[in-house]
Amino acid sequence: MFQSVRSNVRHASHQGMFASVRRSVGSDILLARHGSAISSMRLDRANARVVARLSDGTFDSAPNLIDPELHMPGRLDDDAKLIAAVCAATVGLAAVLAAVVGMVFSFASPEQLANFTAALGSYSAGM
């Protein structure tokens, strides 16, 4: 048993912190379907399914794994891409605006700079 735990930990560490190695969902699916009508559950490892015995004596099963290649909305990957795009756009816009302000001040005459600073000095928050 300890070898399998070590193997799983080693495998998970190679996949990365947020990688989806396995998702066991069979019991969740059966609980959503039947709720308190489930009298017992067992794992069928050969077929990778969870089998539930219901209170009326019937059986139901659900797959225990979700395909890791399945696109699931709301995963970290989607959010990280959106956040990275917004950050890149913000940094790019700030760089362009800084360049424009630098060019305006470098090409302005001393009289224009004096007028600009006077206009900023007369600005009040009540306007």
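The values are calculated or read from the model by the stated rules, or taken from the named source; none is laboratory data. The structure presented is a predicted model; accordingly, all values stated were derived computationally and were not measured. Every residue, glycine as well, gets a Cβ built from its backbone with ideal geometry; the counts of neighbours run over all protein chains shown. Note: areas computed on protein heavy atoms with side chains; ligands, DNA, RNA excluded. Shrake-Rupley method; radii C 1.70, N 1.55, O 1.52, S 1.80 Å.
Data overview
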{"quantity": "Which numbered condition residue 109 misses (of (1) at pLDDT 90 or above; (2) open to solvent by 60 Å² or more (accessible area, probe 1.4 Å); (3) more than 33 Å from the chain's Cα centre (by Cα))", "calculated": "(2)"}
{"quantity": "Complete set of residues in segment 42-61 that are assigned to a loop (DSSP other than H, G, I, E, B) and surrounded by 12 or more Cβ atoms within 10 Å (Cβ to Cβ)", "calculated": "48"}
{"quantity": "Residues of segment 54-75 classified as modelled with pLDDT of 80 or more and among the β-branched types (Val, Ile, Thr), total", "calculated": "1"}
